[in-house]
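K.L.:
Sharing a structure here in structure tokens format.
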Amino acid sequence: MSTARLEDLSKQYDGHLAVDRINLDIADGEFVVFVGPSGCGKSTTLRMIAGLERATGGEIWIDGRPANHVSPRDRDIAMVFQNYALYPHMTVAQNLSYALRLRNAPRGDIERRVGEVARSLDLARLLHRKPSQLSGGQRQRVALGRAIIREPKLFLMDEPLSNLDAKLRVQTRAEITRLQRSLGITTIYVTHDQTEAMTMGNKIVVMNGGRIQQADTPQQLYQHPANTFVAQFIGTPPMNLLRCRLVPDNGAIVARGAGVNIAVPLESLTVLRSRITDQEFLIGFRPEDIVMDAGAAANGVTGTADVIEGLGHESLVSVKEGENAFIARMSPENAAPIRLGDRLSFSVNPERLRYFSAETGAAIRVP
Ligand code: ADP
Ligand code: MG
């Protein structure tokens, strides 16, 4: 059990800043997921925590002690990679017990730990097999078991599921989550897959361009993204963002843009006005937060049906109007009568409206 803290952690590769002043506190027993597009610095951060890569700036603290100059083997960290390699000539039991045998642990202890780990990972019936006699998922579980058996302070995983097929990935991700909760080992998990991140982590760290964009609970990331990057990275399809300006209309103030005509709540106006320049900003809402209107919406979004995707349990309708476009998530029944080129109107749930700076992309939090 352990805590970790990153302070202004940076990594520079000759002229290229791969990780740019990351600050993060990881509590004991927490399951933190780093997520972001390829090349955003996830692996580099993880490798610095493991001690496999030297930080060029900032501090790493493990259990309240500076760890920058502690060698990897003395950090008491276990790491599982995408390309895990089991020893092909050893049985599952021998693979699992390898680290303990290296340490000259007493025989009885080794047998007990192998039994426990095999039970928790459902490997008990496979202990005598060689890796070549296992499925991909079983091999991955052995790789996890080999890391867990050492009872490390920190458990680091770098895209450990990306070699598995879709179905096995869903199953194994549930197993890892269950295992982490039951063992309570502080874990940092890296993935580029936002669904994996959302389903596994207590805390999700969204990275882009070497920087932390937002570190928050899955719910907060989805409901209150800190900027347009997070708004569009988290959620499939992403949050809709439409360009508009504040315009006086019949004594009220409305957000107006191509296909947009939305009354802005009075209490939000002061904050909004103080944060936008040139009157321009982005209005955001999730695809499920709009409802199709029978008539023309006086207050909402409108446009022309551009693409209709039926997914069985739901339909996604892309709507376009001038420079703006958005996606509506609908029931298959409601989407059935829609034809390409139809004019469509939707009202937006006012509580779910979000605002962003058109200049910087930063969220504008309004009351
Ligand atoms: P991620 O794991 O998020 O895909 P990485 O941490 O592997 O990203 O890489 C971050 C950035 O650092 C990328 O631009 C990558 O090309 C660069 N990088 C990674 N390792 C090295 C290296 N050994 N030398 C130079 N550049 C590197
Ligand atoms: Mg990586």
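The values are calculated or read from the model by the stated rules, or taken from the named source; none is laboratory data. A quick note: this is a predicted structure, and the numbers were derived from the prediction, not measured. As a convention, Cβ positions derive from the backbone with ideal geometry for all residues, glycine included, and neighbour counts pool all protein chains shown. To get the accessible areas, we keep the full protein, side chains included, count just its heavy atoms, and leave off ligands, DNA and RNA. Shrake-Rupley method; radii C 1.70, N 1.55, O 1.52, S 1.80 Å.
K.L.:
For region 19-65, which whole-number percentage of the solvent-accessible area (1.4 Å probe, protein heavy atoms only) is attributable to carbon and sulfur atoms?
P.N.:
It is 42 percent, rounded to a whole number.
K.L.:
Give me a comma-separated list of calculated 3J(HN,Hα) values for region 140-153, in order, Karplus coefficients 6.51, -1.76, 1.60 applied at θ = phi - 60°, integers in Hz, x for any Gly or Pro.
P.N.:
Values per residue, Gly and Pro as x: 5, 5, 5, 4, 5, x, 4, 6, 5, 4, 6, 6, x, 6 Hz.
K.L.:
Classify region 209-350 as rounded, prolate or oblate, taking a ≥ b ≥ c as the square roots of the eigenvalues of its Cα gyration tensor: rounded when a/c is under 1.5, otherwise prolate if a/b is larger than b/c and oblate if not.
P.N.:
Judged from the Cα gyration tensor, region 209-350 comes out oblate (a/c at least 1.5, b/c at or above a/b).
K.L.:
Carbon and sulfur together cover what percent of the accessible area of region 223-323 at a 1.4 Å probe radius?
P.N.:
Solvent-exposed carbon and sulfur of region 223-323 make up 51 percent of the total.
K.L.:
OK, next. What residues qualify as long-range amide H neighbours of Val19, i.e. H under 5 Å apart, gap of 5 or more or another chain, H built at 1.01 Å from N?
P.N.:
Placed amide hydrogens put Lys11 under 5 Å from Val19.
K.L.:
So how do 131-144, 330-343, 242-255 stack up, highest first, on mean other-Cβ count within 10 Å?
P.N.:
Descending packing order for the listed peptides: 131-144, 242-255, 330-343.
K.L.:
Now, a different point. Check Asp158: other-chain or 5+ apart residues with amide H under 5 Å from its amide H, H built from backbone geometry?
P.N.:
Val80, Phe81, Gln82, Val190
K.L.:
Given labels modelled 7 Å from the Cα in the Cβ direction, how far is it in nm from Leu52 to Thr270?
P.N.:
Rounded to a tenth, the inter-label distance reads 5.3 nm.
K.L.:
Apply 1/(1 + (r/R0)^6) to the Cβ-Cβ distance of Ser71 and Asn250, taking R0 = 51 Å, and write down the FRET efficiency to the nearest 0.05.
P.N.:
For R0 = 51 Å, the calculated efficiency reads 0.15.
K.L.:
Per residue, how many Å² of accessible area does the chain show with a 1.4 Å probe? Working shown, then result.
P.N.:
Numbers: 17420 Å² over 367 residues.
For the chain, the per-residue accessible area is 47 Å².
K.L.:
Which of rounded, prolate or oblate describes region 1-83 when judged by the alpha-carbon gyration tensor and an a/c cut-off of 1.5?
P.N.:
Rounded shape, in that the Cα axes give a/c under 1.5.
K.L.:
Further, regarding this structure: Using helices alone, what [θ] at 222 nm do you get for the chain, with -39,500 (n - 2.57) per DSSP H run of 4 or more residues, divided over all residues and rounded to the nearest 500?
P.N.:
Computed ellipticity for the chain at 222 nm equals -8000 deg cm²/dmol.
K.L.:
Right, another one. May I ask you to order 216-222, 10-16 by the average number of other C-beta atoms within 10 Å around their residues, highest value first?
P.N.:
216-222, 10-16
K.L.:
So how many Lys-Lys pairs in the chain land under 21 Å Cα to Cα, not counting same-chain pairs under 8 apart?
P.N.:
4
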